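The values are calculated or read from the model by the stated rules, or taken from the named source; none is laboratory data. All figures in this text were calculated on a predicted structure; none of them were measured in a lab. Here the Cβ positions follow ideal geometry from the backbone for every residue, glycine too, while neighbour counts run over all protein chains shown.
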Amino acid sequence: MYVCICNGVTDHDIRQAAEAGCRGVAELTMRTGAGATCGSCLDVAAQLLDEVHSRRELPLPMLSQAA
């Protein structure tokens with residue numbers, strides 16, 4: 001889905017940037033252009049960043065015990 005229509009940035013682009021270490025909206029704008037024109041997409045972009053980072057930071061204790 002397109003998150004930033006102005007600059008053609010998709011949710012996949014934002015997730016890729018987050019996986020590559022992008023931590024904030026300002027950095028995301030620099031990397032992808034999302035929010036650089038009108039800024040109406042910044043809330044959704046921030047939510048996607050948070051979603052990726054919260055998923056990556058969840059502890060998985062059962063995996064360490066499975067071995």
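With a requirement of 2 or more residues that are at pLDDT 95 or above, the helices (runs of 4 or more DSSP H) lying completely within the range 8-67 that satisfy it span 11-19, 25-32, 42-56. In this structure, residue 34 does not satisfy being farther than 18 Å from residue 6 by Cβ and not charged (D, E, K, R).
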